[in-house]
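The structure appears right after this line, and notes come after that.
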């Protein structure tokens, strides 16, 4: 039995033995105030469960990829774009991002947005929109 | 875009479009007051995310299997057995159940215990202890 069998939070939404990571390794992707924690990364599991937290007023990168994202909100408030629709988000909401669908998560101005994201361990790299496309793609968020 | 992209809760810890299922199909396994909801079951994902809820005073089956369980508590209080150790559980606690390790989840007498459980889509069936072994295996829970 290793000490990784049980892990308590050491602070709100920070877990013992789990590093708080930079959201992107790739500095080219535009985002603001996002952290990433890998909660489960068992080599015998074909998927990983990560916890992302977007600080108040922050956002994740607008991107798409072949692999699906399965998301569960567990903290705060915000809004998400998936394809040509946008939704307000609250704890326990579930979001499925289909393959090659543009998506982005935003925290409310005055609250963080924390969510679990389930992905396959083996997955393709995100694609970014062309600079001139961002406003059109993000338009549903402003409705 | 299907209407499954976004799913809100319709009640506390009940999601729209998600059936509340019997915990076991197999009537032989001993358990008490447990429901199961499959939150994510995307065919392109190699894993499933389920939500189990144990009513106050209830418990899951004492069992083991080759596949690992990755568990995150999201509601209430309780206690779990993993191998020869037991832990008190509260929201956001993480539990990893290694292969072939006996485990059981119990709700507090006066509170439900709700947890997410991540498993591989392809997995082996649980094994049950021999009747005479249950008391010895469950002993850490009484400490």
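Please treat every number below as a calculation from the coordinates, not as lab data. Values in this document were obtained by computation on a predicted structure and should not be read as measured data. Positions of Cβ are generated from backbone atoms using ideal geometry, with glycine treated the same way; all protein chains shown enter the neighbour counts.
For segment A:66-137, the relative contact order is 40 percent, taking Cα pairs closer than 8 Å that sit 6 or more residues apart in sequence and dividing their mean separation by the residue count.
For the segment A:96-103, counting C-beta atoms of other chains within 10 Å of every residue's C-beta and taking the mean gives 3.
Of B:63, B:122, B:111, the residue with the greatest mean-square motion in the GNM of chain B, using alpha carbon springs below 10 Å, is B:122. Relative to the compact-globule estimate of 2.2 N^0.38 Å, the Cα radius of gyration of the protein assembly as shown comes out at 1.04. The shape of segment A:41-135 comes out oblate: with a ≥ b ≥ c from the C-alpha gyration tensor, a/c is at least 1.5 while a/b does not beat b/c. Computed log10 I(q)/I(0) for segment B:25-80 at 0.26, 0.28 Å⁻¹: -1.36, -1.40, from the Debye equation with unit scatterers placed on every C-alpha and solvent omitted. Dividing the summed helix terms, -39500 (n - 2.57) for each DSSP H run of n ≥ 4, by the number of residues in chain B produces a 222 nm estimate of -500 deg cm²/dmol to the nearest 500.
Exposure proxy for B:103, B:65: other Cβ atoms within 10 Å of each Cβ, ordered fewest to most, give B:65, B:103.
The share of C-alpha pairs in segment B:74-125 whose separation exceeds 18 Å stands at 34 percent. Per-residue mean of foreign Cβ neighbours for B:39-51 is 6 (Cβ atoms of other chains, 10 Å radius).
The ranking of B:105, A:40 by Cβ neighbour count inside 10 Å, starting from the fewest, reads A:40, B:105.
For residue B:38, the distances from its label point to the matching points in the remaining copies are 2.8 nm, ordered from shortest, with each point set 7 Å beyond Cα toward Cβ.
Distances, shortest first, from the label point of residue A:14 to those at the same position in the other copies read 3.8 nm; the point lies 7 Å along Cα to C-beta. Taking every alpha-carbon pair under 8 Å whose residues sit at least 6 apart, segment A:9-72 reaches a relative contact order of 27 percent.
Between copies, residue B:85 shows label-point distances of 4.4 nm, shortest first, with the point placed 7 angstrom from Cα along Cα to C-beta.
Just need the relative contact order of chain A here, percent rounded to a whole number, with Cα pairs under 8 Å and 6+ apart. In percent, rounded to a whole number, it is 25.
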